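Novice: Okay, handing you the structure first.
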Amino acid sequence: MDTAEVNRSPFATLFNFRDVGGHVGHDGRAVRPGRLYRSDSLHRLDGADREAFAALGVRTVIDLRRPHEVERDGRVPHFDGLTWHHVHPEHAEWGETPYRPGSDQARYLADRYADLAATGTAGLARAVGLIAEAANAPVVVHCVVGKDRTGLVCGLTLAALGVADDDIAADYALSTAAGERFHAWYAAYTQRTGQSLPPLTCPAEAMTLFLAELRVAHGSVEGYLRHAGVTEAQLAALRTHLLT
């Protein structure tokens, strides 16, 4: 994939929107484009962006934000034929274990992702299960910035499709530039500038560490997903409709 092309969101009101398709998975088959997208929060869609979003024909939005984040900012605007699912993977507030500047950021992020994978099994399994249903596509998965919760759901999905860890990590790392744009917007246009933000950079090593350690604990990413509640039928359906 040409990362230069996918690094910039096609929407003025979104900073981290991109197609997850194009990566090579099982048996050399490619992940279908136009079926699964990842994004930061869709509540800002407005004006011409609403028309451009409608043109994608999105049927399903999986919103991974916490309930108070949805209440604070609102949800995706109404579009005919679109179903909104609020799927909150239970996990600790990042402020309970803040990042210490100067420490290993990849290690810090991998640990946060491992914690989320341990406590958010039901939500992660539901999200992957929704992605697995062909009738739900095209699907957009999003959280607030579209890097951590969204990164985990997309990373687990791509791994189940047989995409190489390096490719998954490279896609994840694209959110670094988006995080910079989000940070600039946050500082300029919100009234919450006094609040600290978690790290918005996405070192590729954070994702490779997380996936490697998940396999140590569960034997494989599929093993973790089965543990979380994803069925064999859902894993098969995922590969059927998302791989060419």
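Novice: Would you confirm, using the coordinates I've provided, whether residue 58 is farther than 18 Å from residue 35 by Cα and surrounded by 12 or more Cβ atoms within 10 Å (Cβ to Cβ)?
Specialist: The answer is no for residue 58.
Novice: To continue, here is another question. Quick check, is residue 81 at pLDDT 90 or above, in a loop (DSSP other than H, G, I, E, B) and under 17 Å from residue 153 (Cα atoms)? Steps first, answer last, please.
Specialist: Values: at pLDDT 90 or above: yes; in a loop (DSSP other than H, G, I, E, B): yes; under 17 Å from residue 153 (Cα atoms): no.
Judged against the criteria, residue 81 is not a match.
Novice: Kindly provide the set of residues from the stretch 164-218 that are charged (D, E, K, R) and either open to solvent by 60 Å² or more (accessible area, probe 1.4 Å) or modelled with pLDDT of 90 or more (or both), ordered by number.
Specialist: Start the filter on the stretch 164-218 by keeping residues that are charged (D, E, K, R), which leaves 165-167, 171, 180-181, 192, 205, 213, 215.
Scanning the stretch 164-218 gives 165, 166, 167, 171, 180, 192, 205, 213, 215.
Novice: With the requirement that a residue be touching a strand residue (DSSP E or B) at 6+ places or on another chain (Cβ under 6 Å) and at pLDDT below 95, what does the stretch 109-147 give you?
Specialist: Selection gives 146 alone.
Novice: Restricting the first residue to the stretch 87-105 and requiring it to be open to solvent by 80 Å² or more (accessible area, probe 1.4 Å), which pairs with a second residue that is at pLDDT 90 or above and among the hydrophobic types (A, V, I, L, M, F, W, C) meet a Cβ separation below 8 Å and a spacing of at least six or different chains?
Specialist: 90/122
Novice: Tally the residues that are open to solvent by 20 Å² or more (accessible area, probe 1.4 Å) and in contact with a Lys or Arg (Cβ under 7 Å, 6 or more places away or on another chain), restricting the search to the stretch 219-244.
Specialist: Here the count works out to 1.
Novice: Which condition from (1) at positive phi; (2) buried (at least 24 other Cβ atoms within 10 Å of the Cβ) is the one that residue 151 breaks?
Specialist: Going through (1) at positive phi; (2) buried (at least 24 other Cβ atoms within 10 Å of the Cβ) one by one, residue 151 breaks only (1).
Novice: Would you check if there is a residue in the stretch 7-26 being of a type in the set (Gly, Ala, Ser), touching a residue at least 60 places away in the same chain (Cβ under 8 Å), surrounded by 15 or more Cβ atoms within 10 Å (Cβ to Cβ) and not in a loop (DSSP other than H, G, I, E, B)?
Specialist: Scanning the stretch 7-26, I find no residue that is of a type in the set (Gly, Ala, Ser), touching a residue at least 60 places away in the same chain (Cβ under 8 Å), surrounded by 15 or more Cβ atoms within 10 Å (Cβ to Cβ) and not in a loop (DSSP other than H, G, I, E, B), so the answer is no.
Every residue, every condition in (1) hydroxyl-bearing (Ser, Thr, Tyr); (2) within 25 Å of residue 216 (Cα to Cα), yes or no:
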position: 83; (1), (2): yes, no
position: 88; (1), (2): no, no
position: 103; (1), (2): yes, yes
position: 118; (1), (2): no, yes
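The values are calculated or read from the model by the stated rules, or taken from the named source; none is laboratory data. Everything quoted here is computed from the prediction, not taken from an experiment. Positions of Cβ are generated from backbone atoms using ideal geometry, with glycine treated the same way; all protein chains shown enter the neighbour counts. Only protein heavy atoms, including side chains, enter the accessible area calculation; ligands, DNA and RNA are left aside. Shrake-Rupley method; radii C 1.70, N 1.55, O 1.52, S 1.80 Å.
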